[in-house]
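**Q** First the structure, then my questions, so here it is.
Throughout, read-outs are computed from the coordinates displayed, never taken from laboratory work. Being a predicted model, the structure only gives us computed values, none of them experimental. Because the Cβ atoms are built from the backbone with ideal geometry, glycine has one as well, and the counts that use them run over all protein chains shown.
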Amino acid sequence: MALHSIIIGAGIAGLVTASHLQQAGRTILLLENSKHAGGVIKSLDADGFLIERGPNSLRGTHEFLDLLEELGLQDELVTGDATAPAYVYVDGALHAVPMSPPALIKTKLLSIGAKFRLLGEPFIKARREAGEESVASFIERRLGRQVLERLVSPFVSGVYAGDVEQLSVQASFAKLPEFEIAGGSILRGALRAMRAGRNGQATPKRSLRPYRLCSFRRGLEALPGRLAKSLGENFLREAQVTSIRDNNEANSSARFEVVFEHQGTRHTVAAATLIVATPADAAALLLKECAPEIASLIADIPYASLASVPLAYRQEQLARPLDGFGFLAPRSAGLRTLGSVWNSSLFPERAPAGWVCLTNYIGGATDREAITLSDDELIATVHQDLHKVLGLTGEPRRLPITRHQRALPQYILGHAARITAVEAALQNRTGLFLSGNYLRGISLGDSIKQAMQVAEKSCRC
Ligand SMILES: Cc1cc2nc3c(=O)[nH]c(=O)nc-3n(C[C@H](O)[C@H](O)[C@H](O)COP(=O)(O)OP(=O)(O)OC[C@H]3O[C@@H](n4cnc5c(N)ncnc54)[C@H](O)[C@@H]3O)c2cc1C
């Protein structure tokens with residue numbers, strides 16, 4: 001008998017879609033080609049240090065909190081201090097990112113000239129040309145060169161491991177150009193949107209303020225772990241999909257036929273809907289025969305590589321307290337490390353007593369060679385940078401390094417148009433859905449929201 005949905009790929013996107021469909025009473029099968037549930041989400045206990053090999057934390061959204069309630073996982077949730085400052089390393093010192101107008105006036109991160117330039121944003125003429133613009137061009141045009149170099153560029157390294165000259169502002173920060181179009185300036189557009197939101201929206205069901213920085217007691221992997229458990233036998237690991245056929249009969253209860261190998265046996269399953277929730281390159285390979293027009297649109301979405309280099313130190317090796325989220329470094333700061341997340345300051349039980357643990361990132365779109373460095377070279381480079389920034393002395397304690405060859409999709413110029421074309425092509429393929437961080441948003445919060453939307457659409461087929 002045909003299933004309602006087959007889902008391929010058990011990262012957070014595939015797991016959330018599968019779980020929602022199951023809860024809605026649909027028959028499903030989730031196929032993952034590795035042993036692991038959760039994709040890039042991997043938490044590891046290394047000699048009493050709890051390290052994250054992929055994402056470190058997430059910003060709580062209503063969808064995420066609803067999901068926790070559904071899974072009964074609220075008791076495992078840990079929240080960090082949402083007011084903990086994030087720092088930027090500029091001119092040889094750490095500066096807290098200003099989060100309020102008074103902090104912006106006081107900060108030494110920006111020169112007086114740059115602050116005046118920023119305040120002049122509402123008076124800058126809006127762009128007339130159509131088409132996508134780079135993040136660098138947009139920010140420099142509207143907010144000035146220093147805001148680009150000292151605030152936006154490090155932020156883009158931190159979130160996308162990306163290059164501001166290459167990324168499309170329409171794809172990466174869609175709201176900003178929308179504000180410019182709607183209000184003639186970012187500020188006026190944002191104010192208008194805020195007013196419209198206040199007038200038109202029902203009161204939100206909860207305040208998200210306490211959930212700005214979320215994880216779980218034993219690390220982020222608790223979420224995919226619980227999702228995988230809830231799926232029971234409907235989730236198969238180490239399942240290799242060998243072919244997909246679309247028999248092209250809209251509304252057929254067996255429109256998609258998937259052949260896969262599992263534990264040495266070949267299986268054929270059919271379903272009314274197919275959800276491909278793998279990274280873009282894997283999705284393109286899977287869809288090459290049955291949806292070539294979609295496969296060719298997503299096949300060459302570029303990804304940036306990234307190495308995560310956690311290091312531990314004894315408290316007495318620190319010259320200053322780790323009193324914040326961590327720091328980001330602009331490319332002009334003379335460091336090779338992109339940024340450092342101070343895990344043991346964010347959440348409890350990340351390091352044994354007397355120790356601190358920092359997860360440091362190196363590589364990204366502006367440093368493609370970094371991933372090829374040996375462990376010793378990575379550790380030496382990061383330690384030298386931490387010595388400069390934090391005055392750390394002595395030697396670090398080594399913890400397992402993770403190299404992500406294809407860490408994060410890059411929403412480069414043309415990405416917004418590419419995804420619009422993908423969505424148009426999907427309209428002609430009833431029952432076929434894509435899900436994943438290469439479409440519209442790379443954060444865990446975005447991935448969860450999109451995955452729920454895909455489940456709802458699939459339910460309607
Ligand atoms: C180093 C790093 C740090 C990050 N930090 C943060 C952070 O702090 N906060 C935040 O919000 N976000 C962060 N992110 C982003 C976020 O973690 C990801 O965008 C999100 O987890 C991606 O989920 P996904 O399901 O789309 O893809 P993935 O996690 O890549 O999952 C895809 C799944 O598909 C499987 N698959 C691939 N090919 C096949 C196939 N042929 N058949 C079957 N299965 C297949 C894979 O094995 C994998 O399990 C980070 C990402 C990285 C890499």
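**Q** Would you please state which residues of the stretch 309-344 a label at Ala93 would reach in this model, taking the label point 7 Å out along Cα→Cβ and a backbone N cut-off of under 18 Å?
**A** Under 18 Å, as judged by backbone N against the label point of Ala93, lie 319-324, 327-330, 333-334 of the stretch 309-344.
**Q** Would you calculate the convex hull of the Cα atoms in the chain and tell me its volume per residue in Å³?
**A** It is 155 Å³ per residue.
**Q** Further, regarding this structure: Given R₀ = 60 Å, what would the calculated FRET efficiency be for Glu369 paired with Arg198, taking r from the Cβ atoms and rounding to 0.05?
**A** 0.80
**Q** Post the alpha-carbon centroid distance, the stretch 1-29 to the stretch 183-243, in whole angstrom.
**A** Here the two parts' Cα centres lie 18 Å apart.
**Q** Of the options Leu297, Gly326, Val276, report the single residue whose Cα projects farthest towards the positive end of the charge dipole of the stretch 263-326 (beta-carbon charges: Lys, Arg +1; Asp, Glu -1).
**A** Gly326
**Q** Sorted by mean Cβ packing within 10 Å, highest first, what order do the peptides 331-340, 314-323, 344-353, 219-228 take?
**A** Answer by packing, highest mean first, reads 219-228, 331-340, 344-353, 314-323.
**Q** Counting only residues 5 or more places away or on other chains, whose amide H sits under 5 Å from the amide H of Ala86 once H atoms are built in the peptide plane?
**A** Val97, Phe325
**Q** Once the Cβ-Cβ distance between Lys229 and Lys125 is put in as r, and R0 is 51 Å, what FRET efficiency do you end up with, to the nearest 0.05?
**A** About 0.35, to the nearest 0.05.
**Q** Quick query: amide H of Ala239 versus all other amide H atoms, modeled in the peptide plane; which residues come in under 5 Å with a sequence gap of 5 or more or a different chain?
**A** Those qualifying (amide H under 5 Å, at least 5 residues apart or on another chain) are Glu32, Asn33, Ser34.
**Q** Just from its helices, what would the mean residue ellipticity at 222 nm be for the chain, if runs of 4 or more DSSP H residues each count -39500 (n - 2.57) and the sum is divided by every residue, rounded to the nearest 500 deg cm²/dmol?
**A** Calculated from helices alone, the mean residue ellipticity at 222 nm is -10000 deg cm²/dmol.
**Q** Under a point-charge model restricted to the Cβ atoms of Lys and Arg (+1) and Asp and Glu (-1), what is the dipole moment magnitude of the stretch 163-204 relative to its Cα centre, in debye to the nearest 20?
**A** The calculation lands at about 420 debye.
**Q** Given H placed on each backbone N at 1.01 Å, which residues far from Leu413 in sequence or on other chains put an amide H within less than 5 Å of it?
**A** Counting only residues 5 or more places away or on other chains, the set is Ser168.
**Q** Here's a follow-up. Could you give me the ³J(HN,Hα) list for the stretch 17-25, computed from phi with Karplus coefficients 6.51, -1.76, 1.60 and θ = phi - 60°, whole Hz, x at Gly and Pro?
**A** Taking θ as phi minus 60°, the curve returns 4, 4, 5, 5, 5, 4, 5, 7, x Hz for the stretch 17-25.
**Q** For helix 415-427, report the angle its Cα long axis makes with the longest principal axis of the Cα atoms of the chain; keep it between 0 and 90° and round to the nearest 10°.
**A** In the chain, helix 415-427 runs at an angle near 20 degrees to the longest axis.
**Q** Can you list the lysines whose alpha carbon sits under 29 Å from that of Lys388, skipping same-chain ones fewer than 8 residues off?
**A** Lys106, Lys108, Lys115
**Q** Then there is this: Convert each backbone phi in the stretch 66-76 into a coupling constant with the Karplus relation 6.51 cos²θ - 1.76 cosθ + 1.60 (shift: θ = phi - 60°), then list the ³J(HN,Hα) values in order as whole Hz, x for Gly and Pro.
**A** The phi angles translate into 4, 4, 4, 5, 4, 8, x, 9, 4, 5, 8 Hz.
**Q** If you place +1 on the Cβ of every Lys and Arg and -1 on the Cβ of every Asp and Glu, how big does the dipole about the Cα centre of the chain come out, in debye to the nearest 20?
**A** Taking the Cα centre of the chain as origin, the dipole is about 1440 debye.
**Q** Only Cα pairs under 8 Å and at least 6 apart count here; give the relative contact order of the stretch 1-156 as a rounded whole percent.
**A** Relative contact order here is 12 percent.
**Q** Cα centroids of the stretch 298-333 and the stretch 362-392: how far apart, whole angstrom?
**A** Measuring centre to centre over Cα atoms gives 9 Å.
**Q** Using the structure shown, select from Lys229/Lys288; Lys42/Lys288; Lys175/Lys449; Lys42/Lys229 the pairs with a Cα to Cα distance greater than 20 angstrom.
**A** With Cα atoms farther than 20 Å apart: Lys229/Lys288; Lys42/Lys288.
**Q** Over the chain, what is the mean sequence separation of C-alpha contacts under 8 Å (at least six apart), divided by residue count, expressed as relative contact order in percent?
**A** Once divided by the residue count of the chain, the mean separation gives 25 percent.
**Q** Continuing with the same structure: Please give the FRET efficiency for Ser243 paired with Lys175, using the beta carbon to beta carbon distance and R0 = 51 Å, rounded to the nearest 0.05.
**A** The computed FRET efficiency comes out at 0.80.
**Q** Please compute the contact order of the stretch 259-361 in relative form: average sequence separation of alpha-carbon pairs under 8 Å and at least six residues apart, divided by the residue count, as a percent.
**A** Reported relative contact order: 21 percent.
**Q** Determine, for each peptide in 393-403, 136-146, the mean count of other beta carbons within 10 angstrom over its residues, then list the peptides with the highest first.
**A** Packing order, densest peptide first, comes out as 136-146, 393-403.
**Q** Step through the residues of the stretch 4-14 one at a time and calculate ³J(HN,Hα) from phi using the Karplus curve (6.51 cos²θ - 1.76 cosθ + 1.60, θ = phi - 60°), rounding each to whole Hz and writing x for Gly and Pro.
**A** My calculation for the stretch 4-14 gives 6, 9, 10, 10, 10, x, 10, x, 4, 4, x Hz in order.
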